[in-house]
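Take a look at the structure below.
The values are calculated or read from the model by the stated rules, or taken from the named source; none is laboratory data. Model, not experiment: these values are computed from the prediction. When we count neighbours, we look across all protein chains shown, and the Cβ atoms used for this are built from the backbone with ideal geometry, even at glycine.
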Amino acid sequence: MLNKLRNTKGFTLIELMIVVAIIGILAAIAIPNFLNYQCKSKQSEAKQALGTISKNLEAYLSEHDVYTDSLGALGFELKGKNRYNITLAFSEGDTYTATATSTTVKGDATDTWTMTQSLVLTNTVNACQ
């Protein structure tokens, strides 16, 4: 009877605990990397939007000899779920700054991107770090 109990098939508790520990270690490595890549992919929306606005502003300037402060006049519209609010600020008539501010706050940081008329893209607060 004792031999029959020892010949049963299955996993021991130690083997199961080792598997759970390995899965935990892999998750601890993979989840932060996934969240970082997800944040960077969302930031590409802001970069693309600011680039499009800058190009459209320059095209508008070449046609009308002035910049416009209306995103609608540029034919620019964000569709779907907006992760960033876009604003335009003008100073001295021929300079502008387009700003994309994240609609979500991570900790104390709100992700903010700016682009000037000289096409300089800056990230003042990086919420991915």
- Note on the structure: By residue number, the members of region 81-98 that are touching a residue at least 24 places away in the same chain (Cβ under 8 Å) and in a strand (DSSP E or B) are Tyr84, Ile86, Leu88, Tyr96, Ala98
- Note on the structure: Going through (1) within 24 Å of Val120 (Cβ to Cβ); (2) modelled with pLDDT under 90 one by one, Leu50 fails only at (2)
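To keep it simple, each residue is scored yes or no on (1) at negative phi; (2) within 20 Å of the chain's Cα centre (by Cα); (3) among the aromatic types (Phe, Trp, Tyr).
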{"residue": "Tyr37", "(1), (2), (3)": "yes, yes, yes"}
{"residue": "Thr52", "(1), (2), (3)": "yes, yes, no"}
{"residue": "Glu58", "(1), (2), (3)": "yes, no, no"}
{"residue": "Tyr67", "(1), (2), (3)": "yes, no, yes"}
{"residue": "Glu92", "(1), (2), (3)": "no, no, no"}
{"residue": "Thr99", "(1), (2), (3)": "yes, yes, no"}
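Residue check: is Glu45 at pLDDT below 90, closer than 21 Å to Thr124 by Cβ and among the acidic types (Asp, Glu)?
On the way: at pLDDT below 90: yes; closer than 21 Å to Thr124 by Cβ: yes; among the acidic types (Asp, Glu): yes.
For Glu45, the condition - at pLDDT below 90, closer than 21 Å to Thr124 by Cβ and among the acidic types (Asp, Glu) - is met.
Take the conditions surrounded by fewer than 10 Cβ atoms within 10 Å (Cβ to Cβ) and modelled with pLDDT of 90 or more and apply them to Ile14. Does it pass?
Numbers: surrounded by fewer than 10 Cβ atoms within 10 Å (Cβ to Cβ): yes; modelled with pLDDT of 90 or more: yes.
Against the criterion (surrounded by fewer than 10 Cβ atoms within 10 Å (Cβ to Cβ) and modelled with pLDDT of 90 or more), Ile14 qualifies.
Residue under question is Thr122, and the condition is that it be free of Cβ contacts under 8 Å to residues at least 40 places away in the same chain and surrounded by fewer than 15 Cβ atoms within 10 Å (Cβ to Cβ); does it hold? If you could, list the steps in order and put the result at the bottom.
On the way: free of Cβ contacts under 8 Å to residues at least 40 places away in the same chain: yes; surrounded by fewer than 15 Cβ atoms within 10 Å (Cβ to Cβ): yes.
So Thr122 passes the test.
Can you name every residue in region 37-80 that is among the hydroxyl-bearing types (Ser, Thr, Tyr), surrounded by 13 or more Cβ atoms within 10 Å (Cβ to Cβ) and either touching a helix residue (DSSP H, G or I) at 6+ places or on another chain (Cβ under 6 Å) or not in a helix (DSSP H, G or I) (or both)?
To start, the set of residues in region 37-80 that are among the hydroxyl-bearing types (Ser, Thr, Tyr) comprises 37, 41, 44, 52, 54, 60, 62, 67-68, 70.
Now drop any that are not surrounded by 13 or more Cβ atoms within 10 Å (Cβ to Cβ), which leaves 52, 54, 60, 67-68.
Scanning region 37-80 gives Tyr67, Thr68.
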